[in-house]
Amino acid sequence: MIEAVVVLGGLGLVAALGLSLASLRFRVEVDPRVEAIEAVLPGANCGACGYAGCSAFARALAGGEAPPNACIPGGPEVARAVAEILGVEAADVARRLAVVHCGGTRDAAPDKGIYQGVPDCRAAVLVGGGPKLCPYGCLGLGTCERVCPFHAIRVGPDGIPRVDRQRCTGCGKCVGTCPKELIELLPEDNRVHVRCANPLRGKAVGAVCSRGCIGCRRCEKACPFGAMAMDGALARIDPAPCTSCGVCATVCPTGAIEDLVEVRYRARIDAEACIGCTKCARVCPVDAISGEKKKPHAVDPDRCVGCGRCAGECPKGAIGRGELLVRAPREAAG
Amino acid sequence: MAELGLLFVSSVLVNNFVLSRFLGICPFLGVSKRTETAVGMSLAVLFVMTVSSVVTWFIQRLVLGPLGLEYLQTIAFILVIAALVQLVEMVVQYTSPALHQALGIFLPLITTNCAVLGLAVLNVQKGHSFVQTVVFSVGAALGFGLALVLFSGIRERVAVADVPRPFQGTAIALVTAGLLSLAFMGFAGLVK
Amino acid sequence: MRGARTFRRGGVHPPEEKHHTAGKPVEGAPLPERLVVPLSQHIGAPARPLVKKGDRVLGGQAIGEPVGFVSAPVHAPTSGKVRRVEPAPHPLGTPQPAVEIEVDGEDAWGEPMEPFDDPFGADPEAVRSRIQAAGIVGMGGATFPTHVKLSPPPELSIDTVILNGAECEPYLTADHRLMVEAPGAVIKGLGVILGLFGLERGYIGVEENKPDAIEALEREARASGFAEVVPLKVKYPQGAEKQLIQTITGREVPSGALPMAVGAVVQNVGTAAAIWEAVSRGRPLVERVVTVTGAGVREPRNLLVRVGTPVGHLVALCGGLAGEPGKVILGGPMMGLTQHTLDVPAIKGTSGVLVLPREAVRTAPEGPCIRCGRCVEACPMGLSPTTLRALIHADLVAEADEWGALDCIECGSCSFVCPAFVALVQSIRYAKGRVMALRRGG
């Protein structure tokens, strides 16, 4: 019995001694924070931070080279956790989601001919600009779907991609992949988008797609917030002033503007709080508010489009949510 | 001399530790995706296998045997192997952080690699002399490396092939390993 | 033919199909009502327009100026009025800036550029300037600005000039007819090029399926004293410049390098004839021989066509379409560009219009690669197309670079022989784009 203990103990001691000496000889400096950071990162290796993977990002963070909020899929929680480990402040990053600027479904935007080749958009674009007749439109071969690490973008049976806004983390991988440069990262709150990238006007667009922007500018005139910035004959929504009121989508003749907001409310003025300053009536883009000066004002529910401008202007906070204004969300495909 | 040669060929090809004895499958499948990591792992294992079998031979012959403590064989051997693996890990991390990163968890897992312990135990079971132990161990390690490198070469090609959905990943790797094992059965009659 | 040579590696033998037009002399095509002249008919920066809507232009007048060195001017092919300057359909498939001219039918021309007194011995810089001013680009189809090709860096010495009369693409006979009917212009063009490099002897490679062309050129060659006609075996892609150089000189252009690295310069016979026109008569490049052929047109012909002529007009001149077209290709069937409309102009590099009827088009969706190795056998550059394809579809861009993706000349031999209809050339072209992006640091 005693021999067993001595033998094993002796072996153990020898090993321990040897390893201790070796650990001194082969010392390697490893920052313990790197492991701690790696543990809080999502581990998807998507590259949105700009580094080759979560490990590389962790090392850069520990080395003070990367900002703690660079992990976009991780969002503010990860940024805070990383900042805590590093002992620094983390600035907030607004969540941005991918938006596809093309609504040219198979029915709306025909192909030039039968395409038989590599089923990848980046390869298909090498063949005469791709199979779609519209030179600016989505080729629908699903390359964006394949590169998305979060399975957040899918090409539907109608031939154009749709973004799952719950899953999308704004990592931006799809943006660089689309050979037609149709995908853009826009703030989460912007839920009304122009789904067209064709800069030509009128007939030239109509000849290649029935849902394209023809440059009629009706949206520009209708926008209560001046958020429509026309790029020649192509409508573009400026995300900063845009409040996603959806008025532009209702006036677009071709359905080129998608409106993803499902629920809006009409305005309702609290007659007791209203002081009749008429500010709301003046800013209402659809003239839905009536009332005399110094007397309580009222909103005409039939005209109100739920843009919320009046509520923003009221100095007494007297305008709140009234009835539901339901407009079916208008997506690019029927 | 010829006998030693036969012993060597037997441990490398005929009774290949991975493909005939089915030992050490974990690193075989784990690091064989790329030939670089396969070679790195093979060298690490070569070192551990050879040194551990020599050291354990001494311990068996000089300590455990004479003291009648053969029952401590497993624990004692594992202790030696664990210490050696720890040493190897330190050295690899020091000399090539990239390889250390690439091998990852599989480096310390050499400790639990049944091929290493299996080799040590086999040497004892077969009653090999010192020289025989060395030759057998080097052969075993080389055989392990051979299997690993061969397999990684095939896996690199499979990685760019159009593998049917149900077979992708580990499945096709195992099928390939099985086929490679079958191929090595061809060496069966080489040594009597 | 006794002594006909060919290149060492790879190559395929597609059916020649040249009998439809090989014996038909070139006919002048009557002018269409309008010409759509693209501002980009060449590799390099598109030309900048020099005219605007409403301007009147004369034949030969410059309507687009080059932008930078690797660029070429564009000229009005006939007289008329500029209807618009805006993007128009282009053989490349997407609309490109173009000058649309309403043809007035008078074909009035302005003053030509000054003809050279001694074209063979003139100052090389003056000759190069003239070549650029005439808007001459590679007429074999590549449309690389010729003055750039003829201006190698001073460190490289050129000792071999080869004219490419191989015309290895099936169906096409434009170069063939040019060599038979205007061998003098071709040989003299060679003389001008030799003068640029101070050389005394040049070669013209011609595939042996054109015995009348070989004979006509040999006569002129003997008279000139500085040209040698080299008969070549019929094998595709004999007309690819690296293969042509290897066949005639034995030298192999190293991977990643240009012909000038082995001291050679290759020009298409049409380009040589255009050079002669520019230098001896001061005319810019505004027309070329185009073979309109294929079972999809009723009367295949060789036509002398003004640049900018809509292809539909050419097809009408050839009796119109014979039934429903399956494929319309500008160029040859191996490397030509498929079109989706006939409302696209012929440009400087358009050697042919090939209309294949529905029944003749045999395609299928890609099948799995069966590792038969035919593509490896066929590749004239010694690449492994199947490996390149597998690598790029597995996103292994650096490996694709190592396997020589950028050396591919896109000749189409691999796709031609593949029994599984694998889109090999497309995959490799895609790989090239990714490799170049990677090399740039992307």
Compactness check, the stretch A:142-196: C-alpha Rg relative to the 2.2 N^0.38 Å globular estimate gives 1.06
Taking a label point 7 Å from the Cα of residue B:168 along Cα-to-Cβ, the residues of the stretch A:127-157 whose backbone nitrogen sits under 19 Å from it are A:141-156
Of the listed links C:149/C:210; A:132/C:81; A:132/B:33, those spanning more than 31 angstrom between alpha carbons are A:132/C:81; A:132/B:33
Non-local residues with an amide H under 5 Å from the amide H of residue C:202, with H modelled 1.01 Å from N and Pro and chain starts lacking one, are C:227, C:228
With only helices counted (DSSP H, runs n ≥ 4, each -39500 (n - 2.57)), the per-residue ellipticity at 222 nm for the protein assembly as shown, to the nearest 500, works out to -10000 deg cm²/dmol
Most packed first (mean Cβ within 10 Å per residue), the peptides B:46-56, A:307-317, C:155-165 order as B:46-56, C:155-165, A:307-317
Per residue of A:121-128, other chain Cβ atoms within 10 Å number on average 6
Flagged as over-length at 32 Å C-alpha distance, from C:53/C:348; C:233/C:348; C:53/C:188, the pairs are C:53/C:188
Cα-based Rg/(2.2 N^0.38 Å) for the stretch A:125-256, rounded to two decimals, is 1.07
Once the in-chain neighbours fewer than 8 apart are removed, the aspartates and glutamates whose Cα is under 12 Å from residue C:327 read C:359
Per-residue average of other protein chain Cβ atoms inside 10 Å, peptide C:365-376 -> 1
For chain C, percent of DSSP beta bridges that are antiparallel (nearest 5) comes out at 60 percent
In terms of the charge dipole of the stretch A:135-221, which places +1 on Lys and Arg and -1 on Asp and Glu at the beta carbon, the residue among A:172, A:215, A:159 farthest towards the positive end is A:215
Taking a crude spin-label model, label points 7 Å out from Cα along the C-beta direction, the residue A:292 to residue A:158 distance in nm is 5.1 nm
Taking only the alpha-carbon positions of the stretch C:66-179 as identical scatterers, the Debye log10 I(q)/I(0) at q = 0.14, 0.18, 0.23 Å⁻¹ comes out as -0.90, -1.31, -1.39
Toy charge model, Lys and Arg Cβ at +1, Asp and Glu Cβ at -1: the stretch A:33-140 dipole around Cα centroid in debye, rounded to 20, equals 420 debye
Cysteines of chain C without any disulfide-compatible partner (other Cys Cβ under 4.7 Å) are C:168, C:318, C:369, C:372, C:379, C:408, C:411, C:418
For the stretch C:149-197, the dipole about the Cα centre with charges only on Cβ (Lys and Arg +1, Asp and Glu -1), to the nearest 20 debye, works out at 160 debye
Relative to the compact-globule estimate 2.2 N^0.38 Å (N residues), the Cα gyration radius of chain B stands at a ratio of 1.07
When the charge dipole of chain B is computed with +1 at the Cβ of Lys and Arg and -1 at the Cβ of Asp and Glu, the Cα pointing farthest to the positive end, of B:129, B:140, B:154, is that of B:154
Cross-link reach from residue A:316 to lysines, straight Cα distance under 16 Å and at least 8 residues apart if same chain, gives A:279, A:293, A:294, A:295
For the stretch A:1-86, whose charge dipole is built from +1 on Lys and Arg Cβ atoms and -1 on Asp and Glu Cβ atoms, the candidate among A:11, A:57, A:22 with its Cα farthest towards the positive end is A:22
Quick calc: nm separation of the 7 Å Cα→Cβ label points for residue A:27 and residue C:228 -> 7.5 nm
Averaging 1/r across every pair of distinct alpha carbons in the stretch A:189-261 and inverting yields a Kirkwood hydrodynamic radius, in angstrom, of 11.9 Å
Residue ranges of DSSP H helices in chain A that stretch 27 Å or more (Cα, own long axis) and have mean Kyte-Doolittle hydropathy of at least 0.0 are A:2-25
Quick calc: nm separation of the 7 Å Cα→Cβ label points for residue A:84 and residue C:437 -> 3.9 nm
With +1 on the Cβ of every Lys and Arg and -1 on the Cβ of every Asp and Glu, the dipole magnitude of the protein assembly as shown about its Cα centre, in debye rounded to the nearest 20, is 1660 debye
On each of the three principal axes the extent of the alpha-carbon atoms of the protein assembly as shown, given in whole Å and largest first, is 119, 107, 52
Taking only the Cα positions of the stretch C:374-439, the convex hull volume per residue in Å³ is 65 Å³
Taking only C-alpha positions in chain C, Rg and Dmax in angstrom work out to 21.3, 62
In terms of the alpha carbon gyration tensor, root eigenvalues a ≥ b ≥ c, rounded if a/c is under 1.5 and otherwise prolate when a/b exceeds b/c or oblate, the stretch A:1-53 is prolate
Inter-chain shielding metric for C:332-339, i.e. average beta-carbon neighbours from other chains within 10 angstrom, reads 1
Here the membrane-span-like helices of chain B, with no claim about any membrane, defined by DSSP H, Cα axial extent at least 27 Å and mean Kyte-Doolittle at least -1.0, are B:35-58, B:73-95, B:130-159
For the stretch A:267-273, Karplus-derived ³J(HN,Hα) couplings (6.51, -1.76, 1.60; θ = phi - 60°; whole Hz; x for glycine and proline) come out as 7, 9, 9, 6, 4, 6, 7
For the stretch A:241-248, in residue order, the Karplus 3J(HN,Hα) values (coefficients 6.51, -1.76, 1.60; θ = phi - 60°; whole Hz; Gly and Pro = x) are x, 5, 10, 6, 6, x, 5, 4
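Coordinate-derived values only; no laboratory data. If you're wondering where the values come from, they're calculated on a predicted model, not measured in any experiment. Ideal geometry is used to build each Cβ from the backbone, glycine not excepted, and the neighbour counts take in all protein chains shown.
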